[in-house]
Structure formats: C-alpha cells, structure tokens
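The values are calculated or read from the model by the stated rules, or taken from the named source; none is laboratory data. Keep in mind that this is a model prediction, so the values were computed, not measured. Positions of Cβ are generated from backbone atoms using ideal geometry, with glycine treated the same way; all protein chains shown enter the neighbour counts.
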Amino acid sequence: MAAKERKWKCWKCSEELVKQQVLFTYLGHTFSHDLPTCPKCGRVFIPKELADGAIAEVEEQLEDK
Ligand SMILES: [Zn+2]
C-alpha cells in the first residue's frame, strides 16, 4: 500500500491545494476538518467519502437520542 498522500489541484487556477481547517455545518451541527483548499480562489474541496462519512455520523447521533 502506498502511504503517499494524493496531491490535489484546483481545476480553475491549477494551484496545489493546501490543507486548512474548515468549519462547515450540516443539519445544525458544526464540524471542523482539515480539507484541501485552493490558496488562490479559496475553493474548498470536500472528498465524497468525507461527506458521506460526516452525514453518516450525524444520522447516528440523531438516532441515538
Ligand atoms: Zn482555485
């Protein structure tokens, strides 16, 4: 297994993305996560697996009432 982290680039600016802690809100819950962000245009890229994982976590919490 290759442990190398995959490099992402902004398709708009071709800038290499840097990881930044980003706050986002889903269903009234606030999450902070290190996400790849374009240093030029500020666009945040949310990998699909992270979005799915965050949503699954929230749903579990809601069911656990
Ligand atoms: Zn960009």
* Starting from residues that are touching a helix residue (DSSP H, G or I) at 6+ places or on another chain (Cβ under 9 Å) and surrounded by 12 or more Cβ atoms within 10 Å (Cβ to Cβ), keep the ones in segment 8-43 and report whichever is modelled with the highest pLDDT. => L35
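Of the residues E59, E49, E5, which is within 12 Å of the chain's Cα centre (by Cα) and modelled with pLDDT under 80?
Working: E59 fails: within 12 Å of the chain's Cα centre (by Cα); E5 fails: within 12 Å of the chain's Cα centre (by Cα).
Result: E49 is the single residue among E59, E49, E5 that is within 12 Å of the chain's Cα centre (by Cα) and modelled with pLDDT under 80.
Of everything in segment 30-55, what is more than 16 Å from the ligand (Cβ to nearest atom) and assigned to a loop (DSSP other than H, G, I, E, B)? Give them in sequence order. Before you say what the answer is, go through the steps one by one.
Filtering segment 30-55 down to residues more than 16 Å from the ligand (Cβ to nearest atom) leaves 30-34, 47-55.
Listed by number, the list holds a single entry, P47.
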